[in-house]
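Enquirer: There's a structure below that I have some questions on.
The values are calculated or read from the model by the stated rules, or taken from the named source; none is laboratory data. Note that this is a predicted model, so its numbers are computed, not measured. A quick note on method: Cβ atoms are made from the backbone with ideal geometry, for glycine too, and the neighbour counts reach across all protein chains shown.
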Amino acid sequence: MSDLLGVAVLGAGHMGADHVRRLDRVVSGARVAAVADPDAERAKAAVAGIDGVVVHTDVEAVLDAPGVEAVLIASPGEAHEEALLAAFARGLPVLCEKPMVPDPAGALRVVEAEARLGRRLAQIGFMRRYDEEYRQLKSLLEGGRLGRPLMLHCVHRNVSSPPHFTSDMLVTSSVSHEIDAARWLLGQELTAVTVLRPRPSAGAPEGLLDPQLVLFETERGALVDVEIFVNCGFAYEVRCEAVCETGSARIGDARTMVVTAEGGARREVPQDYLVRFSDAYDREVQSWVDAARGGRVTGPHAWDGYAASAVADAGVRALETGSRTPVDLAPRPALYTTP
Ligand SMILES: NC(=O)c1ccc[n+]([C@@H]2O[C@H](COP(=O)([O-])OP(=O)(O)OC[C@H]3O[C@@H](n4cnc5c(N)ncnc54)[C@H](O)[C@@H]3O)[C@@H](O)[C@H]2O)c1
Ligand SMILES: O[C@H]1[C@H](O)[C@@H](O)[C@H](O)[C@@H](O)[C@H]1O
């Protein structure tokens, strides 16, 4: 392996372009070797000013380009399965944005393909596991000082959703973060989902069921509620409060600048995930690069990606029917340890 890990980035939209910048300017030990996007102009724009990058519109051929040693997948979720299997076929380590594969059957095919290889190649982009506040909460809960966690109350608000966003995607794309965070924080699988839908906000696009209130049950009797509101119009807000037997702990109250002027004080609030989670993305990608250079794969694994998709799929059915919906999880291959 050369000194710098040569990374092919698939998809050069919001996330892909930001990861290209990160690999080029923030993370050590890696370089952008190639970028592929069916939209050639986007791919070219993402690598403007970076020398020696192969630009492709063929997302599979790019994996065979000279110098490609690892793959970062930032294409839309529906394209992830094909890209993951292509990377596995070449033995390339992968960092795949969430949702790993939105359809649980496709997600399971990815798990089974990796299990057949007998070694991990994929890290899934659940970046909250790399956020300092989430890590503090995880270590507090694991330490047991507050007793057994009983409930998580979560808030997830976006200023606006992209034009292609559907009512299902509030669960499959946005709440996939809370699904993973809850499994990880509590160390338990989520076993059933109920989704309530208030009258949609006047600020939501026509037909979009926004906001929604999602309630998860866990295997050892905890509850997790999530308010998801993707067109709130005022801020990017992500909060989580753990209520335990002898105390509670809350994260996400933006430790940002307070500006005092004109007789009032104003707290600056992030407007999007690229600001709120910038440190987490940096740590996530650095950790992936470090592991890949050492021939290892760490972080959220393909089973975590599959479990999130299976839970979200139950959530989509719960949204449709208005009923409590059990989660159907396939048996976990030995390659993957607990959440
Ligand atoms: N971790 C996070 O917080 C976070 C934030 C935003 C997006 N995401 C995820 O990142 C992924 C991309 O989201 P985005 O917001 O950048 O979307 P986007 O629409 O801005 O960009 C997607 C890009 O992929 C390209 N594309 C389409 N089909 C492709 C294919 N088969 N192969 C390669 N590229 C293809 C499109 O032309 C476009 O340029 C999604 O999985 C999304 O859920 C994660
Ligand atoms: O794809 C994005 C991304 O995952 C963000 O982190 C989340 O806040 C958005 O709701 C979602 O649409």
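Enquirer: Which of the residues spanning the stretch 263-286 are in a loop (DSSP other than H, G, I, E, B) and either near ligand 2 (Cβ under 10 Å from one of its atoms) or among the hydroxyl-bearing types (Ser, Thr, Tyr) (or both)?
Expert: Selection gives 272, 277.
Enquirer: Going by what's in this entry, would residue 300 be described as touching a residue at least 24 places away in the same chain (Cβ under 8 Å), surrounded by fewer than 20 Cβ atoms within 10 Å (Cβ to Cβ) and not in a helix (DSSP H, G or I)?
Expert: No, not satisfied.
Enquirer: Same structure again: Taking the conditions exactly as written (within 16 Å of ligand 2 (Cβ to nearest atom) and among the charged types (D, E, K, R)), does residue 82 satisfy them or not?
Expert: In short, no.
Enquirer: Does any residue of the stretch 175-194 turn out to be under 26 Å from residue 269 (Cα atoms) and surrounded by fewer than 21 Cβ atoms within 10 Å (Cβ to Cβ)?
Expert: The answer is no; no qualifying residue exists.
Enquirer: If residue 61 passes every condition in (1) within 15 Å of ligand 1 (Cβ to nearest atom); (2) more than 18 Å from residue 85 (Cβ to Cβ) but one, which one does it miss?
Expert: Only one criterion is unmet by residue 61, namely (2).
Enquirer: Can you work out which of the residues in the stretch 67-82 that are more than 8 Å from ligand 1 (Cβ to nearest atom) and farther than 18 Å from residue 113 by Cβ is surrounded by the most Cβ atoms within 10 Å (Cβ to Cβ)?
Expert: Filtering the stretch 67-82 for residues that are more than 8 Å from ligand 1 (Cβ to nearest atom) and farther than 18 Å from residue 113 by Cβ, the one surrounded by the most Cβ atoms within 10 Å (Cβ to Cβ) comes out as 72.
Enquirer: Related question: Take residue 295 and decide whether it is free of Cβ contacts under 8 Å to residues at least 40 places away in the same chain, on the phi > 0 side of the Ramachandran plot and outside the structural domain of residue 207 (by TED's automatic domain parsing).
Expert: Yes: the conditions hold for residue 295.
Enquirer: It is to be established whether one or more residues within the stretch 54-74 are touching a Phe, Trp or Tyr at 6+ places or on another chain (Cβ under 8 Å) and of a type in the set (Asp, Glu).
Expert: No.
Enquirer: How many residues are at pLDDT 95 or above, away from ligand 1 (no atom under 16 Å from the Cβ) and either outside the structural domain of residue 283 (by TED's automatic domain parsing) or not hydroxyl-bearing (Ser, Thr, Tyr) (or both) when one looks only at the stretch 1-48? Write out each step before concluding.
Expert: Our first condition is that a residue be at pLDDT 95 or above; within the stretch 1-48, this holds for 4-48.
Now narrow it down to the ones that are away from ligand 1 (no atom under 16 Å from the Cβ): 4-6, 24-25, 28-31.
Filter once more, keeping what is either outside the structural domain of residue 283 (by TED's automatic domain parsing) or not hydroxyl-bearing (Ser, Thr, Tyr) (or both): 4-6, 24-25, 29-31.
So the answer is 8.
Enquirer: May I pose another question? Can you name the number of the only condition in (1) at pLDDT below 95; (2) aliphatic (A, V, I, L, M); (3) not in a helix (DSSP H, G or I) that residue 329 fails?
Expert: Looking at each condition in turn, residue 329 falls short on (1).
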